1. Taking a 1.4 Å probe, which of HIS200, HIS139 shows the most accessible area, and what order do the others take after it?
2. Just name one of LEU259, GLN297, PRO280: the one whose Cα is farthest towards the positive end of the charge dipole of the range 254-311 (beta-carbon charges, Lys/Arg +1, Asp/Glu -1).
3. If you place +1 on the Cβ of every Lys and Arg and -1 on the Cβ of every Asp and Glu, how big does the dipole about the Cα centre of the range 224-361 come out, in debye to the nearest 20?
4. Provide HIS79, HIS60 ordered by accessible surface of protein heavy atoms (probe 1.4 Å), highest first.
5. Which distance in Å, rounded to a whole number, links the C-alpha centroids of the range 240-316 and the range 114-137?
6. Non-local amide H neighbours of ARG132 (under 5 Å, H modeled in plane, Pro and chain starts lacking H): which ones?
7. Under 5 Å between amide H atoms, partner at least 5 residues away or on a different chain: which partners does ASP142 have, H built in plane at 1.01 Å?
8. Treat each spin label as a single point 7 Å out from the Cα along the C-beta direction, and report the ASP162 to ALA232 distance in nm.
Amino acid sequence: MAGAVDPVRRFQPDWLAGIERRLTLAEELLTDPDRLREVTGTAHSSASAVPTARAVEDSHLPGLARVLATRPDGVVVAHRPGRRAVVRVPAADPIAADPAARETYVKIVRPGRTTRLLRAIERAAPFAGPFRTPAVLAHDEDTVTFAAVPGDCLHDPHAFDDDAWRTAWRAALEAWRSATAPGSGEVWALRGDGESSLLHGPGAEIGVLVTWRERAAAADPTGAALREQAVAVALDRLRSLPLPAAPSVIHRDLHDKQLLWHPRLGPGLLDVDTATLGDPALDLGNLRAHARWRELQRVWSPSRARVVREEIDRCARRADLPTRHLAAYETGTLTRLTCVYAERGRWREEARELTRQLLAP
């Protein structure tokens, strides 16, 4: 069906059939109009009105309607109204020998924004090599077409047995350590285009957290007082951090859904256009926070979450990252997650529980 909305909102090919995540998102769409609006761009007032497939329109993203018109077999797998969308497009040969050739992904942004997107991908060059990253196949003024990256997503524990789970995480973290090693930021300084000034330090993280605090207060005023206490603690810890003296290239939005593993091809990494200069402890703090959150969500078992934390801590030691920096960024991310998921009715109670945990002695 033209413009079908796929309930899975990442863009990697190998776990799109995950029944558990489909059921989770279906429940969110049925119970939370804000969540439905986030995915489809349209809110519906009753469960009977929830579409299983529908065309998506966005006046700020004219490329979205154009892509769906030219490729009626395209499926919308991500949509942030007014900002960006991703459409999965099956290839002409769905049984091609190379899994990466079986489909492509078209990222749609506002007109004129692809230049910025492509420059961001260039800045992320240190990640290409240690990781497999999505190759750019084509672009115009508001769309960029990427090749698929084969692999199982490290968000999905059911794709791995216990040994493979640790192997995949260790390999992904070793690739990250190689990409963000001291000196990786020099690639920006050598560009000579002024982009080396785009440093994402503690102040930038504070700005992100404050923005989410305000959004959460509007979505869940009942939990605002408790969240405010947790935010205050996180802000104090972030304010105590110095700017990195020799910043590295970092992903800046690194979490389990961005990481892929293929036993033959190795680790893969998505959404590298968020890359910037900063403290590598931010990436690992973000990952460590998500491990705790996945356990609280019961997406990961306690033993699987423990393995991830062990591998993150091992990587941090090998990268010689200050423990205080890692802890501060982890606290900042955990507090931000309490705000992000306050907007999502399906996880609101778990977000409140996380807030209580952050304030416990």
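The values are calculated or read from the model by the stated rules, or taken from the named source; none is laboratory data. As the structure is a prediction and not an experimental result, all values here were calculated from the model. No Cβ is skipped: glycine too gets one built from the backbone with ideal geometry, and neighbour counts run over all protein chains shown. All accessible areas refer to the heavy atoms of the entire protein, side chains included, with ligands and DNA or RNA removed. Shrake-Rupley method; radii C 1.70, N 1.55, O 1.52, S 1.80 Å.
1. Working: HIS200 20, HIS139 115 Å².
My answer, sorted largest first, is HIS139, HIS200.
2. Going by the Cα projections, it comes out as GLN297.
3. On the way: 23 positive and 18 negative charges, 75 e Å.
Value, rounded to 20: 360 debye.
4. Working: HIS79 5, HIS60 100 Å².
The ordering from most to least exposed comes out as HIS60, HIS79.
5. Centre-to-centre (Cα) distance: 18 Å.
6. Hits under the 5 Å cutoff: GLY268, LEU269.
7. For ASP142, the qualifying residues are GLY112.
8. 4.4
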